[in-house]
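The values are calculated or read from the model by the stated rules, or taken from the named source; none is laboratory data. Predicted model, so just to flag it, every value in this text is computed and none were measured. We place every Cβ from the backbone using ideal geometry, glycine too, and count neighbours over all the protein chains shown.
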Amino acid sequence: MAASDFSVSLKKVGDAAVVYPQGYLNNVAGESLVQECVTCIEGGTRKIVLNFKRTDLINSIGISMLLSIIEKLLNTGGQLCFTNMNPMLKETFEMLGLSKYISIFDDENDALTYLHMAERS
């Protein structure tokens, strides 16, 4: 899949942003994903859900791009959730220890419910 086949879309759900990367997440693609998330963070959004339903592969540079999103959001006191990950991606993130810094959910609604409930705590 070419980098030009990668896209990022976004929707706001209350005070959260749900970001939908689609395609192979590599260095070029990762930059567009980071920029979308940074725009949200700079706009005051502190809750972001990354829905990986349409992302099957992430290379090591793509993972480093995700790390920069995690770092930027954690530095603002925000929360990041990953959803709809295929088993291989989920296992990779758990092996890398990233699950200490993010919350992983099977689907988007579970992540949004979690973020909403965390707000009440």
Original post:
If you take the residues in the stretch 81-119 that are among the charged types (D, E, K, R) and surrounded by 14 or more Cβ atoms within 10 Å (Cβ to Cβ), which one is nearest to K53 (Cα to Cα)?
Top reply: E108
Original post:
List the pairs whose first member sits in the stretch 59-71 and is closer than 11 Å to I102 by Cα, whose second member is modelled with pLDDT under 95 and surrounded by fewer than 16 Cβ atoms within 10 Å (Cβ to Cβ), and whose Cβ atoms are under 6 Å apart, counting only residues at least 6 apart or on separate chains?
Top reply: I70/Y101
Original post:
Looking at Y24, is it more than 19 Å from Y101 (Cβ to Cβ) and touching a Lys or Arg at 6+ places or on another chain (Cβ under 8 Å)?
Top reply: no
**OP:** Would you mention how many residues in the stretch 15-44 are closer than 16 Å to L80 by Cβ and either over 13 Å from the mean Cα position of the chain (by Cα) or part of a strand (DSSP E or B) (or both)?
**Re:** 12
Original post:
What are the residue pairs meeting all of these: first residue in the stretch 103-121, first residue among the aromatic types (F, W, Y), second residue modelled with pLDDT under 95 and surrounded by 18 or more Cβ atoms within 10 Å (Cβ to Cβ), Cβ atoms under 7 Å, and 6 or more apart or on different chains?
Top reply: none
**OP:** Might you let me know whether the stretch 48-59 holds any residue that is in a helix (DSSP H, G or I), at pLDDT 90 or above and surrounded by fewer than 16 Cβ atoms within 10 Å (Cβ to Cβ)?
**Re:** no
Original post:
For the stretch 1-14, how many residues are free of Cβ contacts under 8 Å to residues at least 60 places away in the same chain and assigned to a strand (DSSP E or B)?
Top reply: 6
Original post:
For the stretch 15-40, how many residues are in contact (Cβ under 8 Å) with a residue 40 or more places away in the chain and within 19 Å of L57 (Cβ to Cβ)?
Top reply: 1
